[in-house]
Amino acid sequence: MKNSMKLNLFKILAAGVLLSSNFSAQTSVIETIKKNPKVPFSYAELSVKEGGKWEGNKYIGGTFKNVQEITLPESHTDHSSYIRYEGIGLENNQIGYRLYLDWRNATDIFGKKVNTLVLPEVGQDGFESYHHDAPWGQDILKSGRTIGVGSYGRYDEQNDFVETFKIVKNTTAKVINEKDQSYATIDYKGWKTWGDAIDLQSKLTIFNKDRFVKVDLNLSNTISGLCTGIVAIKNIPLKQGISKNKKWAYIATYGQQTLAKKEDNLGMVIFYPLENFDKYVMTKSTHTVVFKKTKKVSYYFMGAWSQEPNGLTTEESFYQDLDKKLEILDKNNQL
């Protein structure tokens, strides 16, 4: 790390949680973006409470502060009121995402009506506000008990469901902001589904262009059933596409599948390399892409909301955009 980024870097070990704070550097990133609101940007954020205390699985009191790195305390679970909007945030001019840092491990979508930075203000007044329509946008995806869009888990063929991260020895997350991209890395130590426990590292990168996120997964051992997918919304059909050179493919949905009260449309897609593809499975709640036995795989996911400024407002424009991306992947093997 460059010396300029080592501002006020320190570590605190308390209550079973390791924090690495780079608050001054994070503040600098936020201020730079706000001073240049029309310039394309990317941003990754992680914000936790300090100054309060744990009472069982709830964090009482305290105020939110941005940190660069955290090892989750044993008490932490869903709805602990400890992490702002419950996980890691990724954002650029067009869209925002969050990945729940708990056993659910789902990726959710923040739809944006503006092309300016919004994540630093989201969830500051509690966990309910961002579920409702606001001038900046809102949380638009109901992930439920699924992995949302583009997150990862392990497909249990015997029981026909996707196992998430219910049993993990410890989880460490880190966020980094660079000039043209921002990313989060998450290290899961001792992830146990069935059989031996393994370690998994994920890297989720958002760029200062377009809506997609690149996901890189690295495992300590080869396993079967590693998967990603899209939450299946009732009456919304699935479509599939394959690139001309048959290197990449996608699964996608488009339609009225958001939490917004007004009629609107949302498109969701997974781009995956065919060399790693094992099969497509429709579970009770998830359109699932299952990978071959592997220790390493990379893929992309994306959401596109019709209420975005200059958004993809029709099904036709959404799928035209996906076809263009397939062409790029064929030529470059990356977006």
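Taken together, the values in this text are just the output of simple stated rules run on the coordinates, not laboratory data. These numbers come from a predicted model, not from an experiment. Methodologically, a virtual Cβ is constructed for each residue, glycine included, from the backbone with ideal geometry; neighbour enumeration extends over all protein chains shown.
The phi-based Karplus calculation (6.51 cos²θ - 1.76 cosθ + 1.60; θ = phi - 60°) puts the 3J(HN,Hα) values of segment 322-331 at 5, 5, 5, 5, 4, 4, 5, 5, 4, 7 Hz, whole numbers, x for Gly and Pro. Here's the picture: charge each Lys and Arg Cβ at +1 and each Asp and Glu Cβ at -1 in the chain, and of 116, 217, 306 the one pushed furthest to the positive end of that dipole is 217. Look at (1) 15; (2) 9; (3) 61: the one that is percent of Cα pairs over 39 Å apart derived from this structure is (2). Summing Lys, Arg as +1 and Asp, Glu as -1, what charge do residues with Cβ under 15 Å from the Cβ of residue 279 carry, residue 279 excluded? For residues surrounding residue 279, the net value is -2.
Calculate for the chain the 222 nm mean residue ellipticity that helices alone would give, adding -39,500 (n - 2.57) per DSSP H run of length 4 or more and normalising by residue count, nearest 500 deg cm²/dmol.
For the chain, the value works out to -3000 deg cm²/dmol.
Protection proxy ranking for 169-182, 29-42, 266-279, using the average of other Cβ atoms within 10 Å per residue and placing the highest first: 266-279, 169-182, 29-42. Sparse packing (at most 11 other Cβ atoms within 10 Å of the Cβ) combined with a DSSP loop state is found for the following chymotrypsin sites (Phe, Trp or Tyr not before Pro) in segment 189-239: 194. Comparing segment 234-335 with the 2.2 N^0.38 Å rule of thumb, its C-alpha radius of gyration ratio is 1.12 (two decimals). Net charge within 10 Å of residue 75 by Cβ-Cβ distance, Lys/Arg positive one each and Asp/Glu negative one each, not counting residue 75 itself? Net local charge, residue 75 excluded: -1.
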